[in-house]
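Here's the structure, in structure tokens; my notes come after.
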Amino acid sequence: AIDPVGVRAITAEEAKLLAVGSANLQYQIWEEDFLLQFVVDLKEQQVQAAMTNVLDITSQGLDLYTTLNLQSRLTPLFDARLRFPADWQIAEVVGSGPPLLWEVLPSEAGVNELRITLDPPLNPGENRGMTIIARAQPEAWPVEAEAVRISIPDIRLPQAAMVEALYGIAADDDLSVVGVDITGLDPARQTDVNLLNTKLQNLGKTVEFGYTYQDSVFSGQLEVTRKPATISAETLTFFRLDKETVFTRLEATLNVTGGGMREILVEISESVGENLRFTLIPWGQANLPVKIVEQAASDPQDGKRSWTLKLDQYIKGTYLLATESQVPRVPAEQYSPVQLTIPASDMNSGYIAIEGSPEEHVKFTAKSVDGTSLPVVDPVDFPQGQYRPQQRMVAGFRYVHPGWQLMVSNEQFDRGAVPSAIGHSLLLSSVIGEAGQFQHESALQFTAYGAQSLIVGLPQDAVLWSTLIDGQPVEVRQLSSGVSVPLNTAQADQVHSLKLLYSTPAPELTNVGELKITPPIVSVLDGTGEEQPLEVLKQSWNLHYPEETLLVSSPGLFQPTNTLTNNSFLSRLFGDVKLPSTGALWNRFVVLIISAGGLLLL
């Protein structure tokens, strides 16, 4: 009451004696013209808050995830207010219900206020949760070689009379974080750290530092540095001597761990010049695409040239670095493949493959850095890269340390004509009579493609009786080199037959002598008019002769299938001597005993 007139306030005990009832305020009036004035004011809000902050430090920037749970004790709450540093941008505000309306207003120097409309209002005794996502990009970001210091963002709740809060700090694997001059924050218990880790499950991270506090006034900084990068390289080298150029394909599989790399230093033999172009592609499913924004070559030194490759972002994981060299081939007997090394790599091992065409013979000598022979790798076991060999792999080697020596030379084979026909089998059947008549049947199975005719060279003084192609008689022409047999071979994969009947003179079989026979020589006349010999894979000769004739030897190319008769004097002598049978031998033994007994008796 303000300046009452004609009234006075009474106590609760007086009100009970006067039986005026129960009320918050009781007054006694003694004047009719009294004056009683009141001023009405709202009660002070009592808001309790539970807050969890997770600061995620990434290579792209800073992300802050704030989870807020509010409870009003006395009066309804129509909006929620948070104060945060002005260099942070609110990205998203999410509640459990419909989308929330929010706005950011300047509060004081370097501080902005986030106002979130609560619809419906938060009634006394109710709880309501929400998540705020904020992002910041420091000026010295991303972290390079030098350390970067950032302030821990302080999120304040001006409406809350009591705040219980957790604060967690997480970072990417390639970054190292150290706290500097942190005050007002106490180390969190393991249960609180586990709660903070649940907030990072979707990101696949865990907190490095966990704090707890009940007063929003705290301060501190974080010093962020990039971890040292570690790299290992395995190189695939493909080398080939072409007719006019020397070709080398280089592929290096880079496995980068630690803080990652944004610049790669490569050393290559200076013989390739300065016209190289490098490519870098992800060699793993989880790796991001990367571009080479600049590549610069230095002056050669000690037979090597250094290349500096600058990337558009830091790489970490497995990547494939590739380049090709093709330089003119100068007159020389031996050539050495180009060598590629990564100086920053802890391991520079690799494989070397030598390619060669079927028309050449490749020679090589391979020595490791200690002078021993390089281990040989079978082409089947050669690692698979992006490049596919253009020719056959004639040799493969493996090395553990750079500095190997490999000298390669090749020798081209003389080119020869490819046969347009091939003979599968030739069966020669001959019949000789007692008077010396010699008759022959030659059956040839062959395959021909693009051939005009066959040229058959018969023995001297031979008389040709008939010629059949696939069982059909054909007309032949006599040439100086033999008999020309026309062909009509439209199907290249079809097997054809050539049958010839002819006779040759032979000596009489009444005396001892030699019997000589020459099989027909077949050649092919191709489409260009050139004559090529026909290779026959299998030849056989069946000879039919009288029973009174004995064949005793065959010194020619044909080997007899049965044992021939030996007609010498000793063979006839031993042939006449025969051992008796077992029964005859026993009878002769009994007769011999009786005769010996009779002689002894006499």
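If you project the alpha carbons of the chain onto the principal axes, what extent comes out on each, in Å, largest first?
192, 84, 62
Starting from the 7 Å offset along Cα-to-Cβ, what nm value, one decimal, do you get for the label separation of residue 103 and residue 508?
14.0 nm
Which part of the range 294-321 falls in the paramagnetic zone of residue 265, meaning amide N under 17 Å from the point 7 Å along Cα-to-beta-carbon?
Under 17 Å, as judged by backbone N against the label point of residue 265, lie 295-311 of the range 294-321.
With θ set to phi - 60°, apply the Karplus curve 6.51 cos²θ - 1.76 cosθ + 1.60 along the range 497-508 and write out the HN-Hα couplings as whole Hz, x wherever there is a Gly or Pro.
My calculation for the range 497-508 gives 10, 10, 10, 10, 10, 7, 10, 9, x, 8, x, 5 Hz in order.
Between the range 268-312 and the range 345-389, what is the separation of their alpha carbon centroids in Å?
What the calculation gives is 22 Å, centre to centre.
Return the calculated 222 nm mean residue ellipticity for the chain, to the nearest 500 deg cm²/dmol, obtained by summing -39500 (n - 2.57) across DSSP H runs with n ≥ 4 and dividing by the residue count.
Values: 4 runs with 44 residues, N = 602.
Estimated from H runs of four or more residues: -2000 deg cm²/dmol.
Using the basic label-point model (7 angstrom from Cα toward the beta carbon), what is the residue 464 to residue 34 distance in nanometres?
For the pair residue 464/residue 34, the computed spacing is 15.6 nm.
Of all DSSP beta bridges in the chain, what percent run antiparallel (nearest 5)?
Details: 173 of 199 bridges.
Bridges in the chain that DSSP calls antiparallel: roughly 85 percent.
To the nearest 10 degrees, how steep is helix 582-601 against the longest Cα principal axis of the chain, on a 0 to 90 scale?
50 degrees
Could you tell me which GluC sites (Glu not before Pro) in the range 131-169 are loop residues by DSSP with no more than 11 other beta carbons within 10 angstrom of their beta carbon?
Numbers: sites: 139, 144, 146, 164; in loops: 139, 144, 146.
Passing both the DSSP loop test and the Cβ count: 139, 146.
Residues of the range 156-198 with amide nitrogen under 16 Å from the 7 Å Cα-to-Cβ point of residue 217?
156-163, 183-186
If r is the Cβ-Cβ distance from residue 431 to residue 584 and R0 is 45 Å, what FRET efficiency results, to the nearest 0.05?
Working: r = 43 Å, r/R0 = 0.95.
Calculated value: 0.55.
So, in Å, what gap is there between the alpha-carbon centers of the range 442-509 and the range 144-221?
Their Cα centres are 99 Å away from one another.
Within the range 255-308, list the GluC sites (Glu not before Pro) lying in a DSSP loop whose Cβ has at most 16 other Cβ atoms in a 10 Å radius.
Numbers: sites: 263, 267, 270, 274, 294; in loops: 274.
In loop regions of the range 255-308 (DSSP not H, G, I, E or B), the sparsely surrounded GluC sites (Glu not before Pro) are 274.
Roll a 1.4 Å probe over the protein heavy atoms and report the accessible area of residue 81 in Å², nearest 10.
My reading of the accessible area for residue 81 is about 80 Å².
Over all distinct alpha-carbon pairs, what is the Kirkwood Rh of the range 321-405 in angstrom?
Working: mean 1/r = 0.0687 Å⁻¹.
For the range 321-405, the Kirkwood estimate is 14.6 Å.
If we count every other residue with Cβ under 14 angstrom of residue 106's Cβ, Lys/Arg +1 and Asp/Glu -1, where does the sum land? Display every interim value, and only then the final one.
Working: positive: 81, 83, 115; negative: 87, 103, 108, 113.
Summing Lys and Arg as +1 and Asp and Glu as -1 gives -1.
Which net charge results when you count Lys and Arg as +1 and Asp and Glu as -1 among the other residues whose beta-carbon is under 14 Å from that of residue 508? Intermediate values should be presented prior to the final figure.
Values: positive: none; negative: 434, 514, 548.
Around residue 508, the surrounding residues sum to -3.
What does a probe at residue 92 reach in the range 186-219, counting residues whose amide N is under 20 Å from the point 7 Å along Cα→Cβ?
196-207
Report, please, the projected area of the range 295-355 averaged over directions, based on the convex hull of its C-alpha atoms, in nm². Don't skip to the answer; put the middle values down first.
Details: hull surface 26.0 nm².
So the mean shadow area of the Cα hull is 6.5 nm².
Please list 307, 283, 541, 30 from largest to smallest accessible area, probe radius 1.4 Å, with all protein chains kept in place. List each step's numbers first, then the result.
Working: 307 5, 283 105, 541 70, 30 150 Å².
From most accessible down to least: 30, 283, 541, 307.
By the scheme Lys and Arg +1, Asp and Glu -1, what is the net charge of all other residues having a beta-carbon under 10 Å from that of residue 247?
Details: positive: 240, 249, 329; negative: 242, 324, 355.
Result for the local shell: 0.
Summarise the accessible area of the chain (1.4 Å probe, protein heavy atoms) by the percent that is carbon and sulfur.
Whole-percent figure for carbon plus sulfur exposure: 52.
Quick one: order 51, 347 from most to least accessible surface, probe 1.4 Å. Before the final figure, lay out the partial values.
Working: 51 5, 347 95 Å².
From most accessible down to least: 347, 51.
What FRET efficiency comes out for the pair residue 181/residue 139, r = Cβ-Cβ distance, R0 = 30 Å, nearest 0.05?
0.90
So if we plug the beta-carbon distance of residue 391 and residue 279 into 1/(1 + (r/R0)^6) with R0 = 22 Å, what FRET efficiency do we get, rounded to 0.05?
Values: r = 23 Å, r/R0 = 1.03.
Calculated transfer efficiency: 0.45.
Just for the Cα atoms in the range 34-157, what are the lengths along the principal axes, largest first, rounded to whole Å?
82, 32, 21
Could you give the length gained on full extension between residue 544 and residue 517, defined as 0.36 nm per residue of separation minus the Cα-Cα distance, in nm? Show your work: numbers first, answer last.
Numbers: separation 27, 0.36 × 27 = 9.72 nm, distance 1.31 nm.
8.4 nm is the gain from fully extending residue 544 to residue 517.
Counting only heavy atoms of the protein chains, get the accessible area per residue of the chain (1.4 Å probe) and round it to a whole Å² value. Before the final figure, lay out the partial values.
Details: 36610 Å² over 602 residues.
Here the residues of the chain average 61 Å² of exposed surface.
For the range 270-358, calculate the relative contact order in percent as a whole number, restricting contacts to Cα pairs under 8 Å that are 6 or more residues apart.
On the way: 92 pairs, mean separation 26.2, N = 89.
It comes to 29 percent, rounded to a whole number.
The values are calculated or read from the model by the stated rules, or taken from the named source; none is laboratory data. From a predicted model like this one, the values you see are computed outputs, not experimental measurements. Using ideal geometry, Cβ is built from the backbone for each residue, glycine included, and neighbour counts are taken over all protein chains shown. Accessible surface is based on the protein model in full, side chains and every heavy atom, while ligands, DNA and RNA are left aside. Shrake-Rupley method; radii C 1.70, N 1.55, O 1.52, S 1.80 Å.
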